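To keep things clear, I will list the structure first and then write my remarks on it.
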Amino acid sequence: MRELSPLQTERLKYEPKLPQTLANGINMLVMKQGNATEAVRDKEDIKRIFSNTYGKPVVTFETSDKKQVSEIKNVGVILSGGQAPGGHNVIAGLFDALKQANAENKLYGFLGGPSGIIDGKYVEITSDFIDKYRNTGGFDIIGSGRTKLETEEQFKKSLEVCKKLNISAVVIIGGDDSNTNAALLAEWFVKNNTGIQVIGCPKTIDGDLKNEQIEVSFGFDTATKTYAELIGNIQRDANSAKKYWHFIKIMGRSASHVALEAGLQTQPNITLISEEVEAKKMSLKQIVDSICDVIVRRVDMGKNFGIIVIPEGLIEFIPEMKSMIASLNDITHDLENDSNYTNAKTLKEKFDIILSKLDENNAKVFDSLPELIKSQLLMDRDPHGNVQVSKIETEKLLIEMIKKNLSELKKQGKYTGKFSDQAHFFGYEGRCAFPSNFDADYCYSLGFNAFALINFGLTGYLSSVRNLVKPAKEWIAGGVPLTMMMNMEKRHGEMKPVIQKALVKLDGPVFKELEAHREDWAMNDRYLFPGAIQYFGPTEVCDLVPVTLQLEHK
């Protein structure tokens, strides 16, 4: 048996491209500072909590005319949260920059996520070690985890481990929650005069960690291309069999960027956008009615099939569902301490107890749902104590309600078709794919750039690589203060600082592109078939940037 697949063998040989400033050498940089920054919202609260790291400037790097001397720096790296394609290349870029700066530098990978730095579980990353993981998907190089770094005890233990390894900087590769923790750790390290820096890298396939300085989070490109291939395959099947409606739920709980990008890449008949549903205050019934309208009109055209893309978090954006879920979250503590509920032997008993604790409107919504969905709402909570929306089979909820609606329309003589459904959920399929050339280059640049931020003594910053629609050599490397992206939100019943999630902008060019073609795509089957991600061949095929970026930077 081969130890490596042919593709893996070839991908290990790929040499990621860097912005020209970084390619000129890690010791040939000069840093340029912009103006002082402010938090995106709740400025006074954020300034109070991060009094030692607040208000720092955005920075960019340019090429210096003389070589700098780099002191010895040991660095620790953490992979935090869910996997995203390209994480290995962030570490590879960090390692290469670190060794290029000073051959005596060492990189330690903390095992199993943030818990690794708390418990002192680590591995030294060497050339032989990292070379096995270059340009590959997954986080298996050191593993990931969801432990939060937020308590005094955790910070103290992290400091002890860093002192033991003589670590002067920690890089946290993660999403909005992970980088919020990076900001808290950076603040604590400065407050306690530890001399240890903290730098973040923007990871999440959901695409909701973005702003002017962070044009896209890494992994988004690979994941959406992977999902688009699968959707395209299903569209070809639907257009061949002409007898099924395919309901495709796609990962992305807090924002619909993934569904929107995949929709633009494949042009399905219907792409639901959670932010639009919320803005228009659409009820579950209105969503179902709008889908049924398309189904009925397509039957009248002789088309008894179609494709619907559904964002994972849709159910939380429907006003009455959002209110009901919020109420369920609020009564979680009461339920956990209610012996009648914890000892209930049937789901019906549990449902009845919940109905008694909800107000009239929320009880009515809960009671109207199919038993399958009600039971999913009662599953174990996420780390924030909230309903795990990702486990709610929204696609099956819509199918059941559509069936009921179409049955009524058939009785009224308004529908003559036969509704056959197929349900899909694409999530894990995209999180660990071989990174696209774009993600391989972008991630390597983010890691390389993270060490540049460390080399200039910065802390509490997020690695930023911009101008991504241009060739890699024209990308702009720098950093953005983490506090600039923060606001206050309610978590576990308390107001806490968190990085603000970037939702789909309904007045932006990306959504407007979908909106402009919505009716045409609904009725005329303009399906696109992207096919598998291409790693070798013409630039126009292999180095494509996300449609989202293309539209945002026209």
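Of note:
- Among the conditions (1) hydrophobic (A, V, I, L, M, F, W, C); (2) within 19 Å of I287 (Cα to Cα); (3) out of contact with any Lys or Arg (no Cβ under 8 Å at 6 or more places or on another chain), F448 misses just one, which is (2).
- Residue satisfying all of: in the stretch 344-374; modelled with pLDDT under 90 and surrounded by fewer than 14 Cβ atoms within 10 Å (Cβ to Cβ); nearest to the chain's Cα centre (by Cα) among these: L372
- As a summary of the residue check, E153 satisfies the conditions (1) within 30 Å of G313 (Cβ to Cβ); (2) free of Cβ contacts under 8 Å to residues at least 24 places away in the same chain except for the one numbered (1).
For every residue, the table says whether it meets (1) surrounded by fewer than 19 Cβ atoms within 10 Å (Cβ to Cβ); (2) under 26 Å from T224 (Cα atoms); (3) in contact with a Lys or Arg (Cβ under 9 Å, 6 or more places away or on another chain).
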| position | (1), (2), (3) |
| --- | --- |
| E278 | yes, yes, yes |
| L284 | no, no, no |
| V296 | yes, no, yes |
| D300 | yes, no, no |
| I310 | no, yes, yes |
| G313 | no, yes, yes |
| F317 | no, yes, no |
| S323 | yes, no, no |
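- Within the stretch 443-467, being surrounded by fewer than 24 Cβ atoms within 10 Å (Cβ to Cβ) and either modelled with pLDDT under 95 or touching an Asp or Glu at 6+ places or on another chain (Cβ under 7 Å) (or both) holds for R466, N467.
- Those residues of the stretch 14-55 which are out of contact with any helix residue (DSSP H, G or I) (no Cβ under 8 Å at 6 or more places or on another chain) and within 30 Å of G137 (Cβ to Cβ), in sequence order: E15, T21, N24
Yes/no per residue for (1) on the phi > 0 side of the Ramachandran plot; (2) in the same structural domain as K473 (by TED's automatic domain parsing); (3) of a type outside the set (S, T, N, Q):
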{"site": "L7", "(1), (2), (3)": "no, no, yes"}
{"site": "E10", "(1), (2), (3)": "no, no, yes"}
{"site": "M28", "(1), (2), (3)": "no, yes, yes"}
{"site": "A36", "(1), (2), (3)": "no, yes, yes"}
{"site": "R41", "(1), (2), (3)": "no, yes, yes"}
{"site": "I49", "(1), (2), (3)": "no, yes, yes"}
{"site": "N52", "(1), (2), (3)": "no, yes, no"}
{"site": "E62", "(1), (2), (3)": "no, yes, yes"}
{"site": "K67", "(1), (2), (3)": "no, yes, yes"}
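- Any hit, the stretch 185-205, residues being in contact (Cβ under 8 Å) with a residue 24 or more places away in the chain, within 25 Å of K512 (Cβ to Cβ), in contact with a Gly (Cβ under 9 Å, 6 or more places away or on another chain) and of a type in the set (D, E, K, R): no
- Some residue of the stretch 89-103 being more than 21 Å from P19 (Cβ to Cβ) and basic (K, R): no
- Among residues of the stretch 229-256, those that are under 23 Å from F434 (Cβ atoms) and modelled with pLDDT under 95, counted: 2
- Number of the exception - G86 against (1) surrounded by fewer than 19 Cβ atoms within 10 Å (Cβ to Cβ); (2) touching a Gly at 6+ places or on another chain (Cβ under 8 Å): (1)
- Selection status of T126, more than 26 Å from the chain's Cα centre (by Cα), surrounded by fewer than 21 Cβ atoms within 10 Å (Cβ to Cβ), hydroxyl-bearing (S, T, Y) and in the same structural domain as S463 (by TED's automatic domain parsing): yes
- The residue list T271, T226, T222, T194 contains one member that is within 29 Å of L149 (Cβ to Cβ), at pLDDT 95 or above, β-branched (V, I, T) and surrounded by 23 or more Cβ atoms within 10 Å (Cβ to Cβ), which is T222.
- The set of residues in the stretch 471-514 that are outside any helix (DSSP H, G or I), within 26 Å of L551 (Cβ to Cβ) and in contact with a Pro (Cβ under 7 Å, 6 or more places away or on another chain) comprises W475, I476, A477.
- Qualifying positions in the stretch 9-30 - crowded, with 19+ Cβ neighbours inside 10 Å and either among the hydrophobic types (A, V, I, L, M, F, W, C) or not in a loop (DSSP other than H, G, I, E, B) (or both): R11, L18, T21, L22, I26, L29
- Looking across the stretch 223-257, the residues that are within 25 Å of the chain's Cα centre (by Cα), part of a helix (DSSP H, G or I) and among the aliphatic types (A, V, I, L, M) come down to A223, A228, L230, I231, I234.
- Residue in the stretch 92-107 that is within 30 Å of the chain's Cα centre (by Cα), modelled with pLDDT of 95 or more and not in a helix (DSSP H, G or I) present: yes
The values are calculated or read from the model by the stated rules, or taken from the named source; none is laboratory data. It should be emphasised that the depicted structure is a prediction, and the values quoted were computed from it without experimental measurement. Using ideal geometry, Cβ is built from the backbone for each residue, glycine included, and neighbour counts are taken over all protein chains shown.
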